[in-house]
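Colleague: Below is one structure. I have some questions about it.
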Amino acid sequence: MPTELIRQVQRMADDRPAAQPGSLERGIDILLALSTVSHPVSLSQLCRSTGLPKSTAHRILGVLCSRELARRVGNGYLPGELLETMAGITRARVPGTRKVVLPYLLYLYETTRQTVNLAVPSGLEARYVERLYSHNRVDSRSDGMDRAPLHCTATGKALLAFDPRLRQELLARGSFERMTRRTITTLAGLERELARVRRHGVAYSQEEFTEGVSCVAAPVFGPGGRICMALGVAAPAGAAPLAKLGISVRGAAQAISAALLGA
């Protein structure tokens with residue numbers, strides 16, 4: 001959150017009465033706590049940092065989530081879309097890379113004629129920061145949100161496979177939400193899947209997030225050699241050979257990584 005905005009909100013909080021703070025002041029305390037996090041925080045953690053009772057914090061978080069000032073991710077909370085927009089919070093791609101990556105995204109679209117996605121980690125979700133839609137696209141659960149779970153999407157698996165800290169945080173859950181009949185929901189199953197991604201450099205999701213949609217993704221590495229994004233292609237299930245798409249996606253991701261290194 002920008003320094004000046006933090007100061008303004010803190011001044012509002014400092015002006016509250018010493019006893020019996022109202023809902024506005026309590027909401028401000030929660031927003032201040034959320035503004036500093038990059039990964040989901042639990043209700044208990046928020047209560048410890050704000051001093052609020054669980055019942056009060058849970059009620060206020062419900063209101064904040066309904067107004068897009070906060071959002072729930074699994075059992076934790078993150079800043080909502082509206083708060084991120086108001087505060088200028090960005091967790092997007094490596095700064096200044098759009099002009100570097102966009103030509104490769106356009107080339108990948110022209111080559112595959114399928115929907116192209118560029119995703120970055122946002123909490124324990126994949127956040128799509130660039131999307132080029134194809135004419136034959138199938139509606140997906142991520143439409144309108146530009147977010148999706150990590151465990152059942154190709155871009156999410158690519159991010160998890162090459163980011164040990166992100167993987168550790170997600171795997172600590174032990175089990176995962178079933179989105180379709182094909183979703184991997186066990187720790188052992190996801191571990192095996194991520195090992196294959198690391199071995200082959202390509203991640204697949206075959207109708208695991210949305211029925212009728214299959215995806216292929218590959219990691220994009222930044223100048224420091226650490227994964228920073230995942231490049232993916234989504235296609236109607238059965239419309240295109242995934243192995244062939246995988247070659248195109250991996251080649252484009254490697255070209256973007258090389259371009260970022262040169263930049």
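Colleague: Just to be sure I understand the model, the point goes 7 Å from the Cα along the line to the Cβ. What's the resulting Arg67 to Arg196 distance in nm?
Modeller: About 4.6 nm, to one decimal.
Colleague: Please identify the trypsin sites (Lys or Arg not before Pro) of region 109-198 that satisfy two criteria: DSSP loop assignment and at most 11 other Cβ atoms within 10 Å. Which are they?
Modeller: Arg181
Colleague: Between Leu106 and Thr180, what is the FRET efficiency for a Förster distance of 22 Å, r being their Cβ-Cβ separation, to the nearest 0.05?
Modeller: The pair Leu106/Thr180 has a calculated efficiency of 0.10.
Colleague: Compute the relative contact order of region 111-263 as a whole-number percentage, counting only Cα pairs closer than 8 Å that sit 6 or more residues apart in sequence.
Modeller: Across region 111-263, relative contact order equals 25 percent.
Colleague: Continuing with this model, one more query. What lysines sit close enough to Lys99 to cross-link, taking a C-alpha to C-alpha distance under 29 Å and skipping anything fewer than 8 places away on the same chain?
Modeller: Here the lysines satisfying the reach criterion relative to Lys99 are Lys157, Lys244.
Colleague: How large is the Kirkwood hydrodynamic radius of region 201-262, in angstrom, based on all distinct alpha carbon pairs?
Modeller: Answer for region 201-262: a Kirkwood hydrodynamic radius of 12.0 Å.
Colleague: Next question, about the same structure. Could you give each residue of region 109-122 its phi-based ³J(HN,Hα) in whole Hz, using Karplus coefficients 6.51, -1.76, 1.60 with θ = phi - 60°, and x for Gly or Pro?
Modeller: 5, 5, 6, 9, 6, 10, 5, 10, 10, 10, 10, 10, x, 9
Colleague: Amide H to amide H under 5 Å from Val129: which residues, 5+ apart in sequence or cross-chain, H placed 1.01 Å off N in plane?
Modeller: Counting only residues 5 or more places away or on other chains, the set is Leu118, Ala119, Val120.
A short reminder: the numbers here are calculations on the coordinates, not readings from a lab. Because the structure is a prediction, the values reported are computed rather than measured. Cβ atoms come from the backbone with ideal geometry, glycine included; neighbour counts cover every protein chain shown.
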